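Asker: Okay, handing you the structure first.
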Amino acid sequence: MPKKQKVKKNEYPDYVNQVFETVVEPTDYINKKGVSYSQFSIYSDCPHRWYLQYIEKHKSPPSIHFTFGTSMHETLQEYIQIMYDKSVAEANRWNYSEFFQRRFLELYREEKDKTESHYSSPSELMEFMEDGLAIIDYFVKNRGYYFTNGSQVLLGIEMPINITPTTNPNVFFNGRLDLVIYDHSLNRVKIIDIKTSTRGWNRYQKTDKVKLRQLPLYKKYFSEQYGVPLENIEVEYFIVKRKINENAEFASQRKRIQIFSPPSGKITINQITAELNSFIQTCFNGNEYRTDVEYYKNIDKCKWCPFNDKPELCDKGASK
């Protein structure tokens with residue numbers, strides 16, 4: 001494959017220059033209420049769980065999966081930042097293994113200190129750490145299949161979205177985009193969301209509406225926030241797997257990285273936007289949560305709910 005040339009400044013299309021010039025103003029959190037995709041997804045899974053977390057203010061217990069996911073995000077993002085800002089060689093010289101281990105343990109200690117109790121065991125911590133190191137090692141060795149600082153330009157990491165999605169001016173949708181990359185050879189901006197998974201996404205997860213709606217929403221609001229035409233935006237889930245089957249029949253099953261691009265056409269975006277607007281109209285009155293609404297219990301989603309073992313909060317029975 002011939003070596004690709006780096007993009008020159010004057011070769012950027014107008015919409016990429018618009019991204020560089022856009023400044024996302026901070027929102028007035030005192031007078032307005034923010035809605036993240038996480039909040040929307042919790043409500044979509046189970047309105048009663050949303051009620052417990054956001055109205056009743058019951059906190060979810062710390063999770064080793066969340067700690068692992070955060071430290072993995074930070075490590076991959078830092079490597080990619082160095083790669084695009086400096087060089088692949090410089091990124092490879094960076095001690096990414098040490099960084100991941102340090103951040104993983106730091107985040108664990110922070111959560112442990114908040115709750116004053118351990119939420120994992122030494123053996124589980126070691127297992128997750130070894131899995132993380134295996135993922136990073138695979139990523140660095142195979143980085144060229146996924147990222148190149150030839151025809152690609154890094155537009156941002158944790159790029160903010162802060163936009164009012166409905167006629168309610170007191171509620172805004174906010175988010176952070178893991179990676180946003182412009183590919184000069186394709187004339188496309190790609191929004192990449194990093195996901196950590198135990199064994200990757202199976203058929204069920206690839207059709208899970210709650211999982212799939214995030215990137216189409218990000219695509220819509222990124223377009224509106226930064227002035228990039230929808231037809232010039234692609235979206236992709238970058239899924240890293242803790243466990244793989246070395247003897248799997250198909251080569252894709254032996255990879256630590258799985259790529260999945262969800263449907264994100266205009267019809268899909270319009271449907272998801274309507275669902276988000278319905279959520280906001282149902283649950284908000286101005287900048288306040290509504291307490292006069294029946295937030296029903298979706299018992300089909302109890303398995304992973306942090307309140308499934310707290311009968312005083314949820315009896316998994318009839319509606320609240």
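Asker: Tell me yes or no: at least one residue of the range 222-234 is out of contact with any Leu (no Cβ under 8 Å at 6 or more places or on another chain), over 29 Å from GLU21 (Cα atoms) and in the same structural domain as ARG188 (by TED's automatic domain parsing).
Answerer: Taking every residue of the range 222-234 in turn, none turns out to be out of contact with any Leu (no Cβ under 8 Å at 6 or more places or on another chain), over 29 Å from GLU21 (Cα atoms) and in the same structural domain as ARG188 (by TED's automatic domain parsing).
Asker: Turning to a different aspect of this structure: Which number in (1) of a type in the set (Phe, Trp, Tyr); (2) surrounded by fewer than 21 Cβ atoms within 10 Å (Cβ to Cβ); (3) over 22 Å from PHE139 (Cα atoms) marks the one condition that TRP201 misses?
Answerer: (3)
Asker: Now for a separate question. Does SER261 meet the test of being at pLDDT below 90 and touching a strand residue (DSSP E or B) at 6+ places or on another chain (Cβ under 8 Å)?
Answerer: no
Asker: Of GLU158, GLU246, GLU231, GLU224, which residue is of a type in the set (Asp, Glu) and within 17 Å of the chain's Cα centre (by Cα)?
Answerer: Within the list GLU158, GLU246, GLU231, GLU224, the selection yields GLU158.
Asker: Here are THR268, THR291: which of them is more than 24 Å from LYS219 (Cα to Cα), among the hydroxyl-bearing types (Ser, Thr, Tyr) and out of contact with any Lys or Arg (no Cβ under 8 Å at 6 or more places or on another chain)?
Answerer: THR291
Asker: In addition: Just one of the numbered conditions (1) touching a residue at least 12 places away in the same chain (Cβ under 8 Å); (2) not assigned by TED's automatic domain parsing to the domain that holds GLN214 is not true of SER123; which one?
Answerer: (1)
Asker: Can you tell me which residue is nearest to LEU212 (Cα to Cα) among those in the range 276-306 that are in contact with a Cys (Cβ under 7 Å, 6 or more places away or on another chain) and either in a loop (DSSP other than H, G, I, E, B) or at pLDDT below 95 (or both)?
Answerer: Filtering first and then ranking leaves LYS301.
The values are calculated or read from the model by the stated rules, or taken from the named source; none is laboratory data. Since we're looking at a predicted model, the values are computed, not measured. All Cβ positions, glycine included, derive from the backbone under ideal geometry; neighbour counts span all protein chains shown.
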